[in-house]
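As structure tokens, the structure follows; a few thoughts come after it.
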Ligand SMILES: C[S@@+](CC[C@H](N)C(=O)[O-])C[C@H]1O[C@@H](n2cnc3c(N)ncnc32)[C@H](O)[C@@H]1O
């Protein structure tokens, strides 16, 4: 299984027509304009939705002149929220063509195409200009990227001197039991999890400074448990709109993540640093 087919199989990334269906359930047809606020419940694939992105914007001091790179943009939720809330310009870099295409469509229909540029490519190899960005963000994506030291060097290079990065990602707190490790690799495609200390060391090694790492495990474990409980409670209403299979796919993802936190092996981390 290559990198792309492994990612495509992650249950969070299947049944992406759930966005169109979710919008339709709100009375928004597949070619209609979308008020950005209608999207934010559907397009944020990390912890704490737009609250987390608002925190990042505040930390990074983003405004209408800021140029931001989003690594692993998914369908563009964080990028659109930042552009909408601060007026900044975001380059939303996403590896999977299917997700990239959905992102382009949602951005156009929500009237943000002048502030969000979608790029389909691999963060390890996509051509990016040196010192082109005031900020780099990445939410729950670097876990998928095998060569994190190389990626962090790229982050350092694309940031202007003094520019900052803001990363949220999964981490490893303790070795995974064999069954958990199997699910981490196949269901989550978590190929690059390390301790928080080793993560921070990669940033320093890349030449980034003022590295601050915050352990988010306890908060995210509670979020994951609540997310799973809510998902199971809403089974009938969700399946009525999206089908049983779509419900089951996300249940699988959410239940594996919940179990990995409960095992004590999975953790979460927020890292900030400056070029
Ligand atoms: C959990 S999603 C998060 C999406 C978005 N950051 C959000 O919070 O809504 C992680 C994304 O990273 C993308 N990704 C994985 N490896 C990548 C790579 N090498 N380059 C660019 N994107 C990548 C995946 O395809 C996936 O869409």
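Coordinate-derived values only; no laboratory data. These numbers were taken from a predicted model, which means no experiment stands behind them. Neighbour counts are summed over all protein chains in view; Cβ atoms, including those assigned to glycine, are modelled from backbone coordinates with ideal geometry.
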For residue 219 and residue 147, FRET efficiency with R0 = 25 Å and r from the beta-carbon atoms, rounded to 0.05? 0.30
Can you tell me the length gained on complete extension of the stretch residue 108 to residue 251, counting 0.36 nm per residue apart and subtracting the Cα distance? 48.5 nm
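What fraction of the DSSP beta bridges in the chain is antiparallel, stated in percent and rounded to the nearest 5?
Values: 14 of 33 bridges.
Just about 40 percent of them are antiparallel.
Multiply the residue gap between residue 130 and residue 262 by 0.36 nm, knock off their C-alpha separation, and tell me the result in nm, one decimal place. Mind showing how you got there, number by number?
Values: separation 132, 0.36 × 132 = 47.52 nm, distance 4.15 nm.
Full extension of this stretch gives 43.4 nm more.
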Sorted by Cβ neighbour density within 10 Å, fewest at the top, the residues 20, 216: 20, 216
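Pull out the extension gain between residue 237 and residue 54, defined as 0.36 nm times the separation in residues minus the alpha carbon to alpha carbon distance; nm, one decimal.
Numbers: separation 183, 0.36 × 183 = 65.88 nm, distance 2.97 nm.
Length gained between residue 237 and residue 54: 62.9 nm.
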Say each of residue 21 and residue 197 gets a label point 7 Å from the Cα, pointing the same way as Cα to Cβ; how far apart are those two points in nm? 4.6 nm
